[in-house]
Amino acid sequence: MSFDINNLVRKNIQTMKPYSSARDEFKDFDQEMIFLDANENPFENGVNRYPDPQQKTVKSALAELKKVNQNQILLGNGSDEVLDLLFRAFCEPNRDNVITLPPTYGMYGVLANLNAVENREVVLNEDFQPNVTSIFEAVDENSKMIFLCSPNNPTGNTFSNQSISTLLEEFKGLVILDEAYIDFSDKESWLQKIEEYPNLVITQTLSKAYGMAGIRLGVLYASAAIIAVLNKIKPPYNVNELTQQKALTRILDTISIQYEIHCIKEERDKLLQQLQHIQYVEKIYPTEANFVLIKVDDATKRYNQLIEKGIVIRNRTTQALCENTLRLTIGTAKENLKLIESLTLLGF
């Protein structure tokens with residue numbers, strides 16, 4: 001497809017000169033050198049030096065694991081930061097708009113509002129799939145991005161390949177595919193499609209399958225051209241040294257990660273079976289994530305009852321198409337057993 005990223009970038013971003021930190025100007029800081037360039041405390045304690053602003057070691061590990069190039073990776077302080085950078089780079093405040101597909105991850109709308117960008121909501125159909133016709137009816141010349149979450153939060157399902165392909169081929173802006181939960185799905189990631197679709201942006205995270213929500217590391221994959229734009233505006237040291245060290249150790253521990261994913265998927269299957277025997281569970285939605293959405297007789301009532309039993313879940317009843325639904329994260333075998341026992345007792 002014919003696509004020029006320069007047609008989307010905000011004019012002030014195109015002309016701006018990025019901040020150059022000390023660690024940008026002298027890049028070989030792993031050498032045995034005397035560093036007197038960054039006004040750091042010289043007494044060594046493991047974190048007295050500024051971190052690598054481009055996180056090259058972590059990116060190298062991710063590039064090998066995901067079969068992409070390092071210049072196709074941007075790291076951020078959680079996925080929320082890399083998503084925010086997209087708004088800042090490509091959306092003109094008080095003029096442009098984005099398309100989101102409720103029910104979905106709420107931060108897309110929050111970030112749109114924060115950046116003074118109109119959020120045009122196109123509700124998913126009854127099968128929780130994108131209504132492609134309605135999406136294009138909402139698009140105009142100021143539509144810069146479409147946000148797709150697949151597997152979707154809070155519904156748990158993946159979107160059809162045909163819907164995603166159509167949007168990528170026919171939309172003139174960026175298609176942001178949030179794959180936070182892709183490791184729990186049997187479907188392949190769209191990562192290898194980046195070369196085919198220059199307007200494709202994929203976000204992933206170390207918070208879910210990698211079990212590292214506490215270190216706040218989000219990953220954005222896109223063409224080298226898109227990454228170059230985002231690198232111009234990202235804070236110079238947005239990923240701290242401790243996060244980089246911990247992330248690298250975990251990324252390389254592929255055996256543990258795959259084992260935990262396997263356990264979560266096994267527990268998910270067990271939970272789906274057991275939920276069928278809970279009398280007030282009216283519907284169990286298909287899921288390819290590490291959670292399941294269920295419809296019950298009275299979501300608020302059941303939520304409060306579980307709180308009294310020491311179990312915290314998510315009441316999603318206020319979301320579009322989600323009346324009287326609860327979202328249950330897959331826990332350990334012991335936690336899931338306690339959940340089922342409690343849900344069963346609530347029926348009496």
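The values are calculated or read from the model by the stated rules, or taken from the named source; none is laboratory data. Please read all numbers here as calculations on a predicted model, not as lab measurements. When we count neighbours, we look across all protein chains shown, and the Cβ atoms used for this are built from the backbone with ideal geometry, even at glycine.
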For residues in region 20-54 being at pLDDT 90 or above and of a type in the set (Phe, Trp, Tyr), which is surrounded by the fewest Cβ atoms within 10 Å (Cβ to Cβ)?
Phe43
Qualifying residue in region 75-97 (condition: free of Cβ contacts under 8 Å to residues at least 40 places away in the same chain, in the same structural domain as Ile202 (by TED's automatic domain parsing) and in a strand (DSSP E or B))
no
Do we find a residue being under 31 Å from the mean Cα position of the chain (by Cα), closer than 30 Å to Gly173 by Cα and of a type in the set (A, V, I, L, M, F, W, C) anywhere in region 12-31?
yes
Can you report the number of residues in region 248-277 which are outside any helix (DSSP H, G or I) and free of Cβ contacts under 8 Å to residues at least 12 places away in the same chain?
2
With respect to Glu195, is the statement that it is outside the structural domain of Val58 (by TED's automatic domain parsing) and either farther than 22 Å from Tyr50 by Cα or without any contact (Cβ under 8 Å) to a residue 60 or more places away in the chain (or both) true?
no
Single residue of Glu40, Glu44, Glu32 found to be within 20 Å of Pro235 (Cβ to Cβ) and in a loop (DSSP other than H, G, I, E, B):
Glu40
In region 203-247, residue surrounded by the most Cβ atoms within 10 Å (Cβ to Cβ) [restricted to those that are small (Gly, Ala, Ser) and outside any loop (DSSP other than H, G, I, E, B)]
Ala247
Cβ-Cβ under 8 Å pairs, at least 6 apart or on other chains, region 294-315 side within 9 Å of Leu326 (Cα to Cα) and not assigned by TED's automatic domain parsing to the domain that holds Arg268, far side of a type outside the set (Lys, Arg) and assigned to a loop (DSSP other than H, G, I, E, B):
none
If you check Val123 against the conditions, is it among the β-branched types (Val, Ile, Thr), under 24 Å from Leu8 (Cα atoms) and in contact (Cβ under 8 Å) with a residue 60 or more places away in the chain?
no
Considering every residue within region 230-238, establish whether at least one is under 21 Å from Asn157 (Cα atoms) and without any contact (Cβ under 8 Å) to a residue 60 or more places away in the chain.
no
Quick test for you: out of Gln129, Gln204, pick the one residue that is touching an Asp or Glu at 6+ places or on another chain (Cβ under 8 Å) and at pLDDT 95 or above.
Gln204
